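In what follows, a structure is listed as structure tokens, so that the remarks can point back to it.
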Number of protein chains: 4
Amino acid sequence: MNYSTPSTAPEFSVSSWLNTNEDLTLVNLRGKVVVLHAFQMLCPGCTLHGIPQAKEISRVFGGNNLQVIGLHSVFEHHEVMTNKALKVFIDEYRLPFPVAVDNLHQGSKIPETMEAYEMQGTPSTVLIDHLGRVRFHHFGQISDLQMGAHIGNLLAELTASRSN
Amino acid sequence: MNYSTPSTAPEFSVSSWLNTNEDLTLVNLRGKVVVLHAFQMLCPGCTLHGIPQAKEISRVFGGNNLQVIGLHSVFEHHEVMTNKALKVFIDEYRLPFPVAVDNLHQGSKIPETMEAYEMQGTPSTVLIDHLGRVRFHHFGQISDLQMGAHIGNLLAELTASRSN
Amino acid sequence: MNYSTPSTAPEFSVSSWLNTNEDLTLVNLRGKVVVLHAFQMLCPGCTLHGIPQAKEISRVFGGNNLQVIGLHSVFEHHEVMTNKALKVFIDEYRLPFPVAVDNLHQGSKIPETMEAYEMQGTPSTVLIDHLGRVRFHHFGQISDLQMGAHIGNLLAELTASRSN
Amino acid sequence: MNYSTPSTAPEFSVSSWLNTNEDLTLVNLRGKVVVLHAFQMLCPGCTLHGIPQAKEISRVFGGNNLQVIGLHSVFEHHEVMTNKALKVFIDEYRLPFPVAVDNLHQGSKIPETMEAYEMQGTPSTVLIDHLGRVRFHHFGQISDLQMGAHIGNLLAELTASRSN
């Protein structure tokens, strides 16, 4: 695991939040490990692998130390992956975590948060440590064993920071 | 396996055909085993289990003896599971078989083919033998071993019919 | 599925039967579909794929129409894959079907039933129809969907034979 | 993850080492994370889940920072799970890590290392940190995500210790 040169995670650019009572910001999440899972609702790599893994991460590790956030980063077929459709998706797939709708600015097909994080596509998973720094970034499928190790790594740092 | 009292399969009531150059009818499919796979594009039981199984059935058995047909039977959230969205779904999930859009008549939420086959929900799989009779009907997930056996059963009858 | 030129299945050559109260013969099994699953207890392809599949076949289809038979065909490391060890294996893996110990004759490393069926290794699965003929023969892993179809095929023939 | 009251890991009591050129001791492994995987070669929970997971851990994390060690802790059927049989098992299952044969003392069915670690059965996995302390102990199956997190946790501590 190479965690060299961590950089501060860019703040989310979000047009709306779903599946949560309050808007989230990275600043307010400081002190927690954040698992940012970028997906598109009609991407099979997301529904078959990424989303089930994100749900399991939330179930096992979600709470005071870790927050999973779904990021709906639509960069194609915008006309059918609407917020209305996303709400149905969240409900049917029983997503247990907040979902941010990545903000699309005029004249671009790539939404802003996706661009800021330089994501190559969906699914993409970004791990942000308790200090708000990007520590892991992966496009595509990744094994549970490896994902678990990256998460455990950051949780250990969080624990260590509290005992200092 | 209990194949008692097979009844003639109702003809499809379809508003449009996708992923095929020609409209299909059960009458024209007589002589083949037909695997009718009813799904909704935002149903997780479909994307996670039903659709992958239907794709594998098509890959292994599809051809002169067997035809897989997808049936998009929307009975909820009609406003987001549109034909436009379905076209993206078919493309992204690389469905290798024709997809019929189940016909929705005025004043009903349940589309007509779904109603004619008395399906309880999605995913539902119906097996129709080479004589056009319903021989197996299943709502929900079913193991590959059992699905394979039902298919093998009907393929054997087809083979036997040719040698008589 | 190509079931050309079926030949009569050679009778088992067995040094002892385990996990059953009575010795089985193909002659006595006539009228049933027989799934002959050849394995070695220390073969990973067997423990990871073949044995779980054979157990599931027995659970789903075993009974008046179908009989699963395990065949311990040791062709290497004979000194450690003994009957004593096999009894422990059968117990620990909770095999629900009779297990025949393939007979090893003097001067050969390949046991007799394995040789008679011209098996290439383990796991090997042989399907024998209700008339006692070899109808399918596979070395290595095979998908549940395909295995199910082969079984369904033979069960259909059995059903047809009874209604004639 | 509760890592309270870590205690020094008891040294292995081993009758022989297999699959390695040198005997290993915990003292010499100080500075590495050690994954101790206790198994019995005829235990299905081991061959189906524990051993594949231990192999994957070794493949992904094995090296300067982490050492997987197999521990053959036979507590039943000693007469068939011999070293001779174990050698075949190691070879057939292509185990990529050293295997210690847990030492059986006179008059006991439970081997000594198993007893010292108070293992309840097989498979059992024990994680020992770079300071030689038991930090995780699990009997039975555990998900890759959770196992990965425990490993990542200890690897993070190892990394932190080097940068201090």
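The values are calculated or read from the model by the stated rules, or taken from the named source; none is laboratory data. The model shown is predicted, which means the values in this text are computed figures rather than measured ones. Cβ: placed from backbone, ideal geometry, glycine included. Neighbour counts: every protein chain shown.
Which residues, counting only those in the range C:122-142, are on the phi > 0 side of the Ramachandran plot and buried (at least 16 other Cβ atoms within 10 Å of the Cβ)?
Result: C:132, single match.
Taken over the range D:119-140, the criterion of being closer than 20 Å to residue D:60 by Cβ, assigned to a strand (DSSP E or B) and not aliphatic (A, V, I, L, M) is satisfied by D:125, D:135, D:136, D:138. In the range A:8-29, what residues are within 15 Å of the chain's Cα centre (by Cα) and assigned to a loop (DSSP other than H, G, I, E, B)? Across the range A:8-29, the qualifying residues are A:9, A:10, A:11, A:12, A:13, A:19, A:20, A:23, A:24, A:25. Close Cβ contacts (under 9 Å, 6 or more residues apart or on different chains) running from residues in the range C:92-118 that are within 14 Å of another protein chain (Cβ to nearest Cβ) and outside any loop (DSSP other than H, G, I, E, B) to residues that are surrounded by 18 or more Cβ atoms within 10 Å (Cβ to Cβ) and hydrophobic (A, V, I, L, M, F, W, C) comprise C:92/D:42; C:92/D:43.
Do the conditions hold for residue A:145, that is, is it crowded, with 20+ Cβ neighbours inside 10 Å and of a type outside the set (S, T, N, Q)? It would help to see each step written out before you state the result.
Details: crowded, with 20+ Cβ neighbours inside 10 Å: yes; of a type outside the set (S, T, N, Q): yes.
It is true that residue A:145 is crowded, with 20+ Cβ neighbours inside 10 Å and of a type outside the set (S, T, N, Q).
When residues in the range B:78-113 are screened for being among the acidic types (Asp, Glu) and exposed (fewer than 15 other Cβ atoms within 10 Å of the Cβ), 2 of them pass. The residues listed here are B:44, B:10; of these, the one that is of a type outside the set (Lys, Arg) and without any contact (Cβ under 8 Å) to a residue 12 or more places away in the chain is B:44. Within the range C:54-74, restricting attention to residues that are within 14 Å of chain D (Cβ to nearest Cβ) and crowded, with 22+ Cβ neighbours inside 10 Å, the residue that is farthest from the chain's Cα centre (by Cα) is C:74. Residue A:144 passes every criterion in (1) of a type in the set (D, E, K, R); (2) within 30 Å of residue A:77 (Cβ to Cβ); (3) away from chain D (no Cβ under 11 Å) apart from (3). Of the residues making up the range A:148-164, those that are loosely packed, with under 15 Cβ neighbours inside 10 Å and either basic (Lys, Arg) or more than 7 Å from chain D (Cβ to nearest Cβ) (or both) number 4.
Among all residue pairs at least 6 apart or on different chains, which show Cβ distances below 8 Å where the first residue, located in the range A:146-164, is closer than 15 Å to residue A:54 by Cα and the second is of a type in the set (Asp, Glu) and surrounded by 16 or more Cβ atoms within 10 Å (Cβ to Cβ)? Going by the 8 Å Cβ cut-off, the qualifying pairs are A:148/D:144. Tally up the residues in the range C:36-53 that are within 8 Å of another protein chain (Cβ to nearest Cβ) and aliphatic (A, V, I, L, M), please. Counting residues in the range C:36-53 that are within 8 Å of another protein chain (Cβ to nearest Cβ) and aliphatic (A, V, I, L, M) gives 3. If you check A:92, A:79 for being among the acidic types (Asp, Glu) and either more than 19 Å from residue A:16 (Cα to Cα) or at pLDDT below 95 (or both), only one passes: A:92. Number of residues in the range A:75-91 that are in contact (Cβ under 8 Å) with a residue 40 or more places away in the chain, assigned to a helix (DSSP H, G or I) and more than 8 Å from every other protein chain (Cβ to nearest Cβ) equals 4. Within the range D:120-142, residues that are within 11 Å of residue D:7 (Cα to Cα) have Cβ atoms under 8 Å from residues that are aromatic (Phe, Trp, Tyr) in these pairs: D:134/D:117; D:135/D:3; D:136/D:3, counting only partners at least 6 apart in sequence or on another chain.
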